[in-house]
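The values are calculated or read from the model by the stated rules, or taken from the named source; none is laboratory data. Values in this document were obtained by computation on a predicted structure and should not be read as measured data. Because the Cβ atoms are built from the backbone with ideal geometry, glycine has one as well, and the counts that use them run over all protein chains shown. For the accessible areas, the whole protein counts, side chains as well, though only heavy atoms, and no ligand, DNA or RNA atoms are used. Shrake-Rupley method; radii C 1.70, N 1.55, O 1.52, S 1.80 Å.
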Amino acid sequence: MDAFAVAVCKGLALRKVNLGQMALVGLWFGGFQALMPLLGWLLGSRFQALITSVDHWIAFVLLCAIGGNMVRESRTCGACGEMDASFAPKVMLPLAVACSIDAFAVGVSLAFMFTKAHMAFAILSIGVVTGLFSAAGLHIGRAFGSRWQKPAQIAGGVVLILLGIKVLLEHLGVIAF
């Protein structure tokens, strides 16, 4: 949802959006959103044996903190600021990295929940969905303005918080999925 919100802001800065720009934004954001959880998962799986007894609390805290931060950021006025209309790597790289830092933390928490096969599917899904949402966000930003930025960011934050609560409740035996 962060990448979607940034893509909407990017679309606001453009006079016209074409398929090439949409594909480029989708590749930047989708690629980094897939790479960062992979890196987080690799790091988390290295230390899994050391922290298995508290892994559910780590996942809960990380997911709730990231989700809460997304909801908090959605309330900030003028989130788009002065977005640059450029698609140069020096502009896109910092945006893609900034939008995917929290995905690294999610990847660490996924190391305690997913097998290798599940993680491969999760990474592929994260990359493809983020890429598609980012491409759509660029177009939506140009067509509709910032109307959808805040609801998208709130929805993403709430989903992460609910996922964190689900992980904790499953581990505590309160619910079984």
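Quick notes on this structure:
- Stretch gain in nm, segment LEU124-ARG75, where the contour uses 0.36 nm per residue and the Cα spacing is subtracted: 14.6 nm
- Its Cα centre serving as origin, the chain has a Cβ charge dipole (Lys and Arg +1, Asp and Glu -1) of approximately 420 debye.
- Carbon/sulfur fraction of accessible area - the chain, other protein chains in place, 1.4 Å, %: 71 percent
- Here is how the number arises for the chain: DSSP H runs of 4 or more residues each give -39500 (n - 2.57), the sum is divided by the residue count, and the result at 222 nm is -26500 deg cm²/dmol.
- For the chain, the longest principal axis of the Cα atoms and the long axis of helix 55-74 meet at an angle of about 20 degrees.
- Positive-end extreme of charge dipole, the chain - chosen from ILE58, ALA117, HIS139 (charges on Cβ): HIS139
- The packing ranking, built from the mean of other Cβ atoms within 10 Å per residue, places the peptides 97-103, 66-72 in the order 97-103, 66-72, highest first.
- Rg in Å to one decimal, and Dmax rounded to a whole Å, for the chain via C-alpha atoms: 16.8, 53
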